[in-house]
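Below: the structure, in structure tokens.
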Amino acid sequence: MLSIIIPAYNEERCIRRAYDTIQALMQAHQIACEFLFVDDGSQDQTFDIITQLASEHDNVVGLHFSRNFGKESAISAGLGAVNGACAVVIDCDLQHPPEIIVEMYRLWEQGYEIVEGVKRDRGAEKKLHGVGAKIFYSLISRMAGFDMANSSDFKLLDRKVVDVLSRMPERGFFRAISYWVGYKKTTVEYNVRERVDGQSKWSTRGLVKYALSNISSYSTAPMQTVTVLGCIMLVISVIFGVWALIDKIVGRALEGMTTVIIITIFIGSIIMISLGIIGYYIARIYEEIKGRPKYIISSTTKSKQKSYAHSTEQGGSEDATRNN
Ligand code: UDP
Ligand code: MG
């Protein structure tokens, strides 16, 4: 059986369409499947619609978060609830073409353990977001050591991989972690479609925050650049030191005030930036060390079923949330 994980945040207008489209497709290709809708703390009717859908169809399960925890957490929760032999993660807005699932599934049948959906084009999006994404992916690909250009969350994973991922306690970046784990992998290209309804949940600010947090969770390079900057500054200061001494010796000491001011300001800003970078990492360590759950499931559509029931306990329980 194929488990289809669909994170949804304020998607009341997309849920039914997503289910109908994908279900019809799976039926046509005779692929048995279950739907795991993860409602990421929506404020609209999303969970009511999921609940209704679950009462109509046996192969639908819904998880509802106590608040908005973000798409990464929603994917995490979905992975924790998988019953199938493989699972696919797909957006609710059908921007990821559902037909690709069939292609992915066939590749899985041939023995691939991870089938990555790779964007052929990025669809209609703001120019700024496109440029930002380019910079972000080239940075993170270099830092993480694998080519992640045009990658997305649209991918199919074998159960083995799902189990490995859901045992990972870290607040990872799903897209990158699935590269990091290794396994037998292949890719399928797809064209990003227009959103069927509703609107994108990402603001420019949100995307920048997301990019920074993913870079820092994948690489300590920014922190190491602080050391490099320090070394460069040391060399520069030695040169200027010698210069100042010579000035002193030949009696020209009062000149060069401008240089002093510039250097002081420059060093001051480098130090502040460096402290900021270090502070950012300390904040991340603090976040991880607190060990708070990645998400809290406040209700599910099939609470009697064991695998979901224990996730409904409050987030304090490690077992219920982090490992689930
Ligand atoms: N999503 C989510 N939690 C969030 C934001 C988004 O679960 O906090 C879901 C959303 O419902 C959709 C998917 O993630 O199914 C992709 O979101 P969106 O379409 O807004 O992103 P975009 O396609 O614009 O990158
Ligand atoms: Mg979308």
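If you count only protein heavy atoms with a 1.4 Å probe, what accessible area per residue comes out for segment 153-307, rounded to a whole Å²?
Each residue of segment 153-307 exposes 63 Å² on average to a 1.4 Å probe.
Please compute the length gained on full extension between Val131 and Ile239, using 0.36 nm multiplied by the number of residues separating them and subtracting their Cα-Cα distance.
35.0 nm
Can you list the HN-Hα couplings for segment 98-112, worked out from phi with the Karplus curve (6.51, -1.76, 1.60; θ = phi - 60°), rounded to whole Hz and with x for Gly and Pro?
x, 4, 5, 4, 4, 4, 4, 4, 5, 5, 4, 4, 7, x, 6
Could you order the peptides 231-240, 154-163 from most to least packed, using the average number of other C-beta atoms within 10 Å per residue?
Sorting 231-240, 154-163 by mean packing, highest first, produces 154-163, 231-240.
To the nearest 0.05, what FRET efficiency results for Gln45 and Tyr281 with a Förster distance of 51 Å applied to their C-beta separation?
0.80
Filter the cross-link list Lys126/Lys201; Lys126/Lys294; Lys127/Lys209; Lys134/Lys201; Lys119/Lys294; Lys119/Lys184 down to pairs whose alpha-carbon distance in this structure exceeds 22 Å.
Long pairs (Cα-Cα over 22 Å): Lys126/Lys294; Lys119/Lys294.
Within the accessible area of segment 87-149, what % is carbon and sulfur when the probe is 1.4 Å and the other protein chains stay in place?
56 percent
Give me a comma-separated list of calculated 3J(HN,Hα) values for segment 26-33, in order, Karplus coefficients 6.51, -1.76, 1.60 applied at θ = phi - 60°, integers in Hz, x for any Gly or Pro.
These are the phi-based 3J(HN,Hα) values: 5, 5, 4, 9, 6, 10, 6, 8 Hz.
Given Cα pairs under 8 Å that are at least 6 residues apart, what percent is the relative contact order of the chain?
21 percent
Percent of accessible area on segment 150-243 owned by carbon and sulfur, 1.4 Å probe?
Result for segment 150-243: 63 percent of the exposed heavy-atom area is carbon or sulfur.
Going by average Cβ neighbours within 10 Å, how do the peptides 5-12, 39-46, 283-290 rank, with the highest at the top?
Highest-to-lowest ranking by the protection proxy: 5-12, 39-46, 283-290.
The values are calculated or read from the model by the stated rules, or taken from the named source; none is laboratory data. Being a predicted model, the structure only gives us computed values, none of them experimental. So basically every Cβ, Gly included, is an ideal-geometry build from the backbone, and we count neighbours across all protein chains shown. What goes into the accessible areas is simple: the full protein's heavy atoms, side chains included, and nothing from ligands, DNA or RNA. Shrake-Rupley method; radii C 1.70, N 1.55, O 1.52, S 1.80 Å.
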